[in-house]
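Asks: Sharing a structure here in structure tokens format.
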Amino acid sequence: MTSMEDELLDNIVITLGQSNHDQHILDYLDQANGYKYKNPNDQLNLLDSILQTSHQDGAQFVMLPEFFLPRRFLFSYIKERAIRYRSIIMGGLEYGMDPSPAPSGKFRLKNEAFVVIPDNLYKKNHMTNGSATVITVPKLHPAPEEAKLLSKNGYEFVNGNRIYHFSSKRLGNFAVLICFDFLNLPVQAILQSQIQTLFVLTYNMDVTGFISIAETVQRLLLCNVAICNTGFFGGSVVFAPIREPRQKRQVLQINGNEIHAAVSVHLPIKEVWKVQDSGEVNHGEKKFFQLPPDFGRLAAR
């Protein structure tokens with residue numbers, strides 16, 4: 001038995017915070033000021049309502065949609081909350097202005113997610129004066145509609161050039177993608193065999209399309225896939241790579257528009273890692289999907 005298997009938790013708990021605005025998010029952002037929130041403090045009320053659920057359910061992860069957090073709160077409020085609730089909190093940031101303008105003279109905006117990892121994640125006491133690591137994850141490519149909208153209002157998109165692979169001996173390995181990057185086939189190939197959970201943060205109108213893609217990706221990567229969308233469109237969904245439908249392969253789906261919801265789910269970690277490591281698909285009462293052909297070969301190069 002390996003040390004990895006000894007330390008991995010059987011399951012992780014994730015709270016999806018599908019926050020809702022009564023109108024399209026553009027009505028809440030100031031287009032003349034780099035798409036910053038007009039009333040940033042309103043987002044904190046949404047956040048605290050989600051964190052109440054995550055704390056009650058003992059979640060190790062909290063997911064928030066794309067564009068959720070005003071940047072002014074990243075190194076203060078959100079960091080303090082991650083320490084207080086001993087949870088890894090992730091979500092999308094409002095657009096950030098790049099310091100150097102484009103050759104065209106347009107201002108350049110970057111779309112990023114944040115991942116905040118508190119140092120007291122595994123401790124039982126509720127410290128409020130600890131520390132946390134803050135990481136920003138760039139969006140690699142804008143959605144076509146996103147690029148058009150920014151260009152129309154005098155901005156250019158800053159393409160990201162890196163992806164992050166997070167590793168934890170207890171929570172398993174995971175990655176975080178932003179919306180349109182979920183469709184990036186090279187990224188999927190790089191992540192295959194490297195992660196047990198893929199988190200996708202979106203502001204996405206194509207709800208049914210992303211749900212179909214999530215079911216495909218959880219088979220190809222043989223990992224858990226969790227998508228947190230805005231409540232304005234709905235369609236947050238979670239899959240586990242379990243073959244038998246009766247075993248609830250689709251762990252969660254939130255249907256309907258303009259729904260504010262905070263829902264916690266349990267996802268297998270140790271068993272997923274065992275399947276990836278050994279290829280053995282039967283574990284207790286669960287039967288997982290077979291490893292795809294050449295599973296992990298590209299990542300191993």
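Asks: For the range 195-213, which positions are modelled with pLDDT of 95 or more and farther than 20 Å from Phe67 by Cβ?
Replies: Ile195, Gln196, Thr197
Matching residues to (1) in contact (Cβ under 8 Å) with a residue 40 or more places away in the chain; (2) of a type in the set (Phe, Trp, Tyr):
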site: Glu5; (1), (2): yes, no
site: Asp10; (1), (2): yes, no
site: Leu16; (1), (2): yes, no
site: His24; (1), (2): yes, no
site: Asp30; (1), (2): no, no
site: Tyr35; (1), (2): yes, yes
site: Gly58; (1), (2): yes, no
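Asks: Filtering the range 257-267 down to residues that are open to solvent by less than 40 Å² (accessible area, probe 1.4 Å) and either part of a loop (DSSP other than H, G, I, E, B) or modelled with pLDDT under 95 (or both), which residue is farthest from Ala175 (Cα to Cα)?
Replies: Ala261
Asks: Now for a different question. I'd like the full set of residues that are over 15 Å from the mean Cα position of the chain (by Cα) and either more than 18 Å from Val137 (Cβ to Cβ) or modelled with pLDDT under 95 (or both), limited to the range 214-230.
Replies: Glu215, Thr216, Arg219, Leu220, Leu222
Asks: Let me ask another. For Leu44, indicate whether it is part of a helix (DSSP H, G or I) and either crowded, with 16+ Cβ neighbours inside 10 Å or of a type outside the set (Val, Ile, Thr) (or both).
Replies: Against the criterion (part of a helix (DSSP H, G or I) and either crowded, with 16+ Cβ neighbours inside 10 Å or of a type outside the set (Val, Ile, Thr) (or both)), Leu44 qualifies.
Asks: Could you pull out the residue among Leu298, Leu220, Leu267 that is touching a residue at least 24 places away in the same chain (Cβ under 8 Å), of a type in the set (A, V, I, L, M, F, W, C) and under 20 Å from Ile89 (Cα atoms)?
Replies: Exactly one residue qualifies, and that residue is Leu267.
Asks: Can you spot a residue in the range 188-197 that is within 22 Å of the chain's Cα centre (by Cα) and within 24 Å of Ile78 (Cα to Cα)?
Replies: yes
Asks: Additional query: Just checking, which of Leu109, Leu140, Leu150 is open to solvent by less than 40 Å² (accessible area, probe 1.4 Å), assigned to a loop (DSSP other than H, G, I, E, B) and not hydroxyl-bearing (Ser, Thr, Tyr)?
Replies: Leu140
Asks: Among the numbered criteria (1) more than 24 Å from the chain's Cα centre (by Cα); (2) surrounded by 17 or more Cβ atoms within 10 Å (Cβ to Cβ), which single criterion is violated by Asp294?
Replies: (2)
Asks: Go through the range 211-226 and report how many residues are outside any loop (DSSP other than H, G, I, E, B) and in contact with a helix residue (DSSP H, G or I) (Cβ under 7 Å, 6 or more places away or on another chain).
Replies: The qualifying residues number 5.
Asks: Provide a single number: the residues in the range 161-191 that are open to solvent by 30 Å² or more (accessible area, probe 1.4 Å), within 23 Å of Val13 (Cα to Cα) and of a type outside the set (Phe, Trp, Tyr).
Replies: Matching residues across the range 161-191 total 4.
Asks: Just checking, does the range 227-243 include any residue being open to solvent by 50 Å² or more (accessible area, probe 1.4 Å), part of a loop (DSSP other than H, G, I, E, B), farther than 17 Å from Phe180 by Cβ and touching a strand residue (DSSP E or B) at 6+ places or on another chain (Cβ under 8 Å)?
Replies: Within the range 227-243 (the criterion being open to solvent by 50 Å² or more (accessible area, probe 1.4 Å), part of a loop (DSSP other than H, G, I, E, B), farther than 17 Å from Phe180 by Cβ and touching a strand residue (DSSP E or B) at 6+ places or on another chain (Cβ under 8 Å)), the answer is yes, since at least one residue qualifies.
Asks: I need the full set of residues from the range 268-286 which are open to solvent by less than 20 Å² (accessible area, probe 1.4 Å) and within 24 Å of Met63 (Cβ to Cβ), in order please.
Replies: Pro268, Ile269, Val272, Val275
The values are calculated or read from the model by the stated rules, or taken from the named source; none is laboratory data. Just so you know, these numbers come straight off a predicted model, no measurement behind them. Here the Cβ is made from the backbone with ideal geometry for all residues, glycine too, and neighbour counts use every protein chain on show. The protein model used for the area step is the full one, side chains on, heavy atoms only, and it has no ligands, DNA or RNA in it. Shrake-Rupley method; radii C 1.70, N 1.55, O 1.52, S 1.80 Å.
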